[in-house]
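Here the structure comes first, spelled out in structure tokens, and everything after it is commentary.
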Amino acid sequence: MKLSDDIISIKGIGDKTRTAFSKLGIHTVKDLVFYYPRTYKTYSEPVPVSSVSEGDRVAVFCKVVTYVESHKGKRYNITSLSASDDSGTIRMVWFNMPFLRSTFHKGESYIFYGTVKYSGNMRVMEMPEYFTQFKYQEMLSTMQPVYPLKAGITNNAITRAVASVKDVIVGLDEYLPEDVMRAKGLMTRSQALMQIHFPENEENLRRALSRIAFDEFLLFLIKVKKLRETTVTIPNEHIINKEAVLKKNAFISGLPFSLTEGQLSAIEDIVHDMSSEYMMNRLVQGDVGSGKTVVATVALLMNSLSGYQGALMVPTEVLALQHYEELSRVLKPYKLNVELLTGSMTAKEKRTVYERLKDGSCDIVIGTHALIQEKAEYKDLGLVVTDEQHRFGVKQRENLSEKGICPNTLVMSATPIPRTLAIILYADMDISVIKELPAERKRIKNCVVGTDYRHSAYSFIRQQVAEGHQAYVICPMVEESDKTDAEDVINYTEELRDNLGPDIRISYLHGKMKELEKADIFRSYVNREIDVLVSTTVIEVGINNPNSTVMMIENAERFGLAQLHQLRGRVGRGEAQSYCIFINVKKTEDSVKRLKVLEESNDGFYIASEDLRLRGPGDFFGIRQSGDMDFQIADIYKHADMLKLAQDISLEIGDEIEGRIVL
Ligand code: ADP
Ligand code: MG
């Protein structure tokens, strides 16, 4: 078998399984080999029933002491049984698995593996896995890969398929010279992939992931290096004129606030770049709320005043609309044509904008990236700004230049990458950092609390609204789900209406709504026609309503620290004191520790580093924070050593090995 073979050639895969695999993007043996587990499960020795406590994920070895019951519940069929060991009894419950009734027999013993809950005084495991003692013994202390799945395919099917292409993995080519691997203690690619699919122990797995991270970084860095070589010497065909540079001073003095030092020096860098003979390629990095939009606006203004078109690309429509309204307002005195371009506009509206881009009557276009980047033709595009770049990838940066247009580019990012790493990852760009938040900002006050605090939180929200402010409440889910008991936007809004009373205007927002509807709701919120906005994380990036002073996050334990930090960044954007209330519903030891980091600090860099520390070496696939680049395994924080190594290797022998890297 070869990497390029269709998976149909694997024993046991027929047409039906092939179709199921294709839904996961697995078409060839190569796709399968590079389909990585999402996590690993370790099975441990069974423990006595009496020793378990709520939330433990354990195995128990028990005898079935009741007949297996199966009955129709309100929402699903429920199958249950009681099981005991010498120390106590525990109830096992399964949903929608009525066939289990014939699997278990009273008087026989099994190993049950799952998470323990308490229902009154009774210990319960919901949906436990079950094994015979013999089978369990086999798996004990091994790490079982857990692959990302879709309907129609089981974890077992993937495991089996990967097992039958072992010889392909073993025979995989190596592109790194042996002495390099030896000197740096790297596994071969073949060893690494074997360990990823069939880990022998944690240490080997850790090394395997490091090796794959190294490969991902190296490939990326070689690309970036190429990009740099081709971009640094591109002449700037859109040099801004002196008049435009002067006029921007008037714009800045007309602002209702004075700019921070970081903003001013970023603008200075931009002026320098846009006036220079080579094309600008600059990253502006600044934590949430540091005021990146105004920096982008100044750049767009100078560009347009010099007679060129500008584009501002953002990841969501809501953000596009917001930037559009803001820029139209502040740029009004300059008589520039600012236009919006989003997916929910009618075909006719879009066509009009495209025409105006082509004939040059549109000066500045703001929209979602695909529309602006792939489909638009411009008369004379001088500057492209991408906001919240961590939602894009390096690929997008290449696209425009492939079309033969070479505008100046400016990228705004809130990802807290340490400078040493940023210099490597953005080697093709120059970097400006906005270190501080505007001076008059008050530090956001945080509290991490349990569900018993909800009612106090509601009265607090009521009080803030009475003072003329607004509040966000974040729920993890859109609607009620059988699978989890996490809060959902729709039910929560109802409950909140009951709790807060009719005087307080509450609306909700979530990702499944139509773009236009979302934009409408958000606009009403900004116009203060809504007091409390209940939302999923769709508002996470970029959104700005400085009048919001409360951010309440339900099931905060379900989110990653970086995401919580982004969410919190939606408040504290004006002069009033702001508050963030994190509701920790499942107070596990881990979530208490993680949320404490947010309670103590509002600093994105600190949070990223603490997150890494807490995740620790055993967390193989933590929440990846480097959304900037779409690495599968590599994590710029966790694998910082591999990133530096990949940097050295790419400089030393990058050109030589480039052609041989196949990923
Ligand atoms: P981000 O960096 O997260 O994109 P924004 O550009 O949206 O932040 O700015 C957040 C808020 O701060 C906006 O309401 C903006 O008008 C305001 N702002 C920006 N710069 C300053 C400043 N120097 N002083 C006071 N407020 C500012
Ligand atoms: Mg922003």
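Residues in the stretch 115-159 that are assigned to a loop (DSSP other than H, G, I, E, B), more than 18 Å from D56 (Cα to Cα) and under 33 Å from the mean Cα position of the chain (by Cα): T142, Y147, P148, L149, K150, A151, G152, I153, T154.
Residues that are within 16 Å of ligand 1 (Cβ to nearest atom) and touching a residue at least 60 places away in the same chain (Cβ under 8 Å) do not occur anywhere in the stretch 582-601.
Those strands (runs of 3 or more DSSP E) of the stretch 288-396 in which 1 or more residues are within 16 Å of ligand 1 (Cβ to nearest atom) occupy 309-314, 364-368, 381-386.
Going by what's in this entry, would M477 be described as touching a residue at least 12 places away in the same chain (Cβ under 8 Å) and of a type outside the set (S, T, Y)? In short, yes. For the stretch 434-460, the set of residues classified as open to solvent by 50 Å² or more (accessible area, probe 1.4 Å) and touching a helix residue (DSSP H, G or I) at 6+ places or on another chain (Cβ under 7 Å) consists of K435, E436, listed by residue number.
Which of the residues that make up the stretch 300-330 are touching a strand residue (DSSP E or B) at 6+ places or on another chain (Cβ under 6 Å), open to solvent by less than 20 Å² (accessible area, probe 1.4 Å) and of a type outside the set (S, T, N, Q)? Result: L300, G310, A311, L312, M313, A320, H323, L327. Among the residues here, I504 does not qualify as among the β-branched types (V, I, T) and not in a loop (DSSP other than H, G, I, E, B). Tell me yes or no: at least one residue of the stretch 482-492 is crowded, with 21+ Cβ neighbours inside 10 Å, modelled with pLDDT under 95, among the β-branched types (V, I, T) and on the phi < 0 side of the Ramachandran plot. Yes; the residues of the stretch 482-492 include at least one that is crowded, with 21+ Cβ neighbours inside 10 Å, modelled with pLDDT under 95, among the β-branched types (V, I, T) and on the phi < 0 side of the Ramachandran plot. One residue stands out in the stretch 14-73 among those that are of a type in the set (F, W, Y) and over 37 Å from the mean Cα position of the chain (by Cα): the one that is least open to solvent (accessible area, probe 1.4 Å), namely F61. Considering only the stretch 65-78, I want to know if a residue exists there that is part of a strand (DSSP E or B) and touching a residue at least 60 places away in the same chain (Cβ under 8 Å). Within the stretch 65-78 (the criterion being part of a strand (DSSP E or B) and touching a residue at least 60 places away in the same chain (Cβ under 8 Å)), the answer is no, since none of the residues qualifies. Counting residues in the stretch 96-106 that are part of a strand (DSSP E or B), open to solvent by less than 20 Å² (accessible area, probe 1.4 Å) and touching a Phe, Trp or Tyr at 6+ places or on another chain (Cβ under 9 Å) gives zero. What are the residues in the stretch 563-581 that are within 16 Å of ligand 1 (Cβ to nearest atom) and crowded, with 22+ Cβ neighbours inside 10 Å, if any? Across the stretch 563-581, the qualifying residues are L564, H565, Q566, L567, R568, G569, R570, V571, G572, R573, S578, C580.
Counting the residues of the stretch 168-184 that are out of contact with any Ser or Thr (no Cβ under 9 Å at 6 or more places or on another chain) and either aliphatic (A, V, I, L, M) or loosely packed, with under 15 Cβ neighbours inside 10 Å (or both) gives 6.
The values are calculated or read from the model by the stated rules, or taken from the named source; none is laboratory data. All values derive from a computational prediction rather than experimental measurement. We place every Cβ from the backbone using ideal geometry, glycine too, and count neighbours over all the protein chains shown. Keep in mind that these areas ignore ligands, DNA and RNA; they rest on the heavy atoms of the full protein, side chains included. Shrake-Rupley method; radii C 1.70, N 1.55, O 1.52, S 1.80 Å.
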